[in-house]
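Asker: After the structure tokens below, expect a handful of questions from me.
The values are calculated or read from the model by the stated rules, or taken from the named source; none is laboratory data. Quick caveat: nothing in here was measured; it's all calculated off a predicted structure. Note that each Cβ is placed from the backbone with ideal geometry, even for glycine, and that neighbours are counted across all protein chains shown. Remember, those area values only see protein heavy atoms, side chains included, never the ligands or the DNA or RNA. Shrake-Rupley method; radii C 1.70, N 1.55, O 1.52, S 1.80 Å.
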Amino acid sequence: MRRFGSQRQFGRKYVLRPGAYAILIAGRDMLITHQAEPFDEFQLPGGGIEPDERGPVALHREVLEETGWKITKPRHLGAYRRFTYMPDYQIWAEKICHIYAARPTRQIGPPQEPGHSAIWTGPKAALRLLYNDGDRYFVRRYALSGR
């Protein structure tokens with residue numbers, strides 16, 4: 001599996017954290033998330049897969065929490081590995097980021113996650129805004145390749 005970002009640091013204990021994240025396209029626009037805290041960054045909507053969840057179930061839950069939107073037809077595009085510190089949990093994590101393409105179908109309210117905003121932008125602008133290389137890689141491959 002391809003890795004983006006920092007390498008595993010020798011002697012550091014990492015917690016395995018699988019997650020599900022979405023490339024959400026509607027027409028020529030793409031829905032991304034702005035997270036103000038603990039870091040100010042733009043991300044693909046999504047997050048951790050709970051131990052009792054499957055990826056698509058977590059994806060629906062996380063997208064709704066972070067954007068306020070319901071989605072349909074998630075399709076798994078691939079996955080990548082990322083080693084990072086997660087200040088919310090105070091852990092070093094080996095994140096396995098499963099990337100899906102899905103359609104945003106209906107906004108049912110504002111984002112439920114504190115500090116999150118749903119942002120509509122074009123895929124090219126998203127490439128400039130997205131914080132991590134793995135997200136940008138999949139946006140480039142999927143959203144800008146003509147799907």
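Asker: Does segment 65-83 include one or more residues that are open to solvent by 70 Å² or more (accessible area, probe 1.4 Å) and among the hydrophobic types (A, V, I, L, M, F, W, C)?
Answerer: Within segment 65-83, the first condition is being open to solvent by 70 Å² or more (accessible area, probe 1.4 Å), and the residues that meet it are 70, 73, 75-76.
Checking which are among the hydrophobic types (A, V, I, L, M, F, W, C) leaves us with none.
No; the residues of segment 65-83 include none that is open to solvent by 70 Å² or more (accessible area, probe 1.4 Å) and among the hydrophobic types (A, V, I, L, M, F, W, C).
Asker: Restricted to segment 89-138, and to residues that are charged (D, E, K, R) and more than 12 Å from the chain's Cα centre (by Cα), which residue is nearest to LYS13 (Cα to Cα)? Steps first, answer last, please.
Answerer: Initially, segment 89-138 is screened for residues charged (D, E, K, R), giving 94-95, 103, 106, 113, 124, 128, 133, 135-136.
Imposing the further condition that a residue be more than 12 Å from the chain's Cα centre (by Cα) reduces the set to 94, 103, 106, 113, 124, 128.
On the way: GLU94: 9, ARG103: 37, ARG106: 41, GLU113: 28, LYS124: 36, ARG128: 32 Å.
Filtering first and then ranking leaves GLU94.
Asker: Please verify whether ILE49 is touching a residue at least 40 places away in the same chain (Cβ under 8 Å), open to solvent by less than 40 Å² (accessible area, probe 1.4 Å) and closer than 21 Å to ARG3 by Cβ, treating the condition exactly as stated. Give the derivation first.
Answerer: Numbers: touching a residue at least 40 places away in the same chain (Cβ under 8 Å): yes; open to solvent by less than 40 Å² (accessible area, probe 1.4 Å): yes; closer than 21 Å to ARG3 by Cβ: yes.
In short, yes.
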